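Have a look at the structure below before the remarks.
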Amino acid sequence: MTELLSRPPRPHRGPASRRPTGPPPSSRSVTGVGIMAALRSAGLGVLTVMVLVLLAWVSAADSGADATDAVATALQAWLVGHHAHLAVPGGELALMPLGLTALPLTLLHTATLRAGRIAGVRGRNGVLALASSVTATYAVVATFVALVARTDAVQALPVSAFVGAAGVAALGAGTGAVRATGTWAGLTRRLPALVRAALPAAAGALSVLVAGGALLVGGALAVHHEQAAVLLDSLDAGIGGGILLALLCLLYLPTAAVWGVAFLVGPGFAVGAGTSVSPGGTDLGAVPAVPLLAALPQEPGPGWAPLVLLVPVAAGVLAALLSHRAGAVAGDGWRPTVAVCAVTGGLLAAALAVLSLLASGPAGPGRLGETGPTWWLVGPVGGLEVAAAMAATLVVLRRR
């Protein structure tokens, strides 16, 4: 009893001094799940493309190609979806099918999101560790695929495969890692107030331009559907080749929509060196016999083509309405209006430049080495047009 009374009392441990119930996530666990997420994403992407190509190869029994060539073609198609360059006789092929690029982006985002939740990623360091491990592993896998996917006629360039896959993985894994922390909505709060106010307007204007480009391409294909059918028949690709060609056209439809946006904005695009397709006129030579290219206007271009320049004006009006409704230009004087219009135009110009850069590149030998819109023209011109229309609309709204 005396010993018990003489013992000092144990310090009271409140809630703040309690130990955590589980061990914190280690860097090894984050790296491990990141590597597995990258391998899973790459495997599923390659498998999806390979199944489609092999099905078309099986249906084309008279093509003369063996299974090895079919597998190599599938791997090369997967690489082109990451903006890898393929060395072909007389030139290079690197024009991205943006419809195919959406597949690895989705796989990387979902796999990284799942991996981040399993590892309990928290904070900036956790996001960087997870995204870096996924990006590095994915780029190494793409480089290995580029070394394997070689035929006598086509060779994938490993450096371009590494860089392109790293860019796609950084975007998909980065967004997935941030979402895994549960702080996705809090990112916008860290942006400057002016940028937060301009984001909805820029997003609305970009949506109008992309929708207008897609409608323009779809309408042109509907008008020239007979010519597209003639081109398809002239290729005499058979059942399997016809399936592959139709799938290829579908995957390149988003790329064609970006070309439509470049046409709506004004600078237009090229289908080979020395060619131009814009509202000011069409100057084309011989183009590849691809059914999707039947949507190209005939020379010298339709007379109504300049009317499409009203689409950027409509995008600017929508941006102004969104900004006015959100109260982004509250205050006296013209400075708030100029500021929000300038930031909106800058954000839109950056988005258009990136889309144009992704939708351009060499598309084959010879003069097809220059194909697609010019990003350093489409971005600034589109941003200026929308910003000017937005500013004029905001002046009218404020006077009313």
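The values are calculated or read from the model by the stated rules, or taken from the named source; none is laboratory data. Model, not experiment: these values are computed from the prediction. As a convention, Cβ positions derive from the backbone with ideal geometry for all residues, glycine included, and neighbour counts pool all protein chains shown. In case anyone asks, the SASA skips ligands and DNA or RNA and just uses the protein heavy atoms, side chains included. Shrake-Rupley method; radii C 1.70, N 1.55, O 1.52, S 1.80 Å.
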Answer with yes or no whether Leu235 is open to solvent by 60 Å² or more (accessible area, probe 1.4 Å) and either touching a Phe, Trp or Tyr at 6+ places or on another chain (Cβ under 8 Å) or at pLDDT below 90 (or both).
yes
Where in the stretch 269-377 are there strands (runs of 3 or more DSSP E), lying fully within it, with 3 or more residues that are more than 30 Å from Thr393 (Cβ to Cβ), open to solvent by less than 60 Å² (accessible area, probe 1.4 Å) and in contact with a Gly (Cβ under 7 Å, 6 or more places away or on another chain)?
none
Would you mind stating whether Leu86 is among the aliphatic types (A, V, I, L, M) and in contact (Cβ under 8 Å) with a residue 60 or more places away in the chain?
yes
Could you identify the single residue in Ala111, Ala180, Ala115, Ala153 that is out of contact with any Gly (no Cβ under 9 Å at 6 or more places or on another chain), in contact (Cβ under 8 Å) with a residue 40 or more places away in the chain and either part of a helix (DSSP H, G or I) or open to solvent by 10 Å² or more (accessible area, probe 1.4 Å) (or both)?
Ala153
Take Val230 and decide whether it is within 24 Å of Thr374 (Cβ to Cβ) and assigned to a helix (DSSP H, G or I).
no
Checking the conditions here, which among Leu86, Leu44, Leu52, Leu5 is more than 30 Å from Val121 (Cα to Cα) and modelled with pLDDT of 95 or more?
Leu86
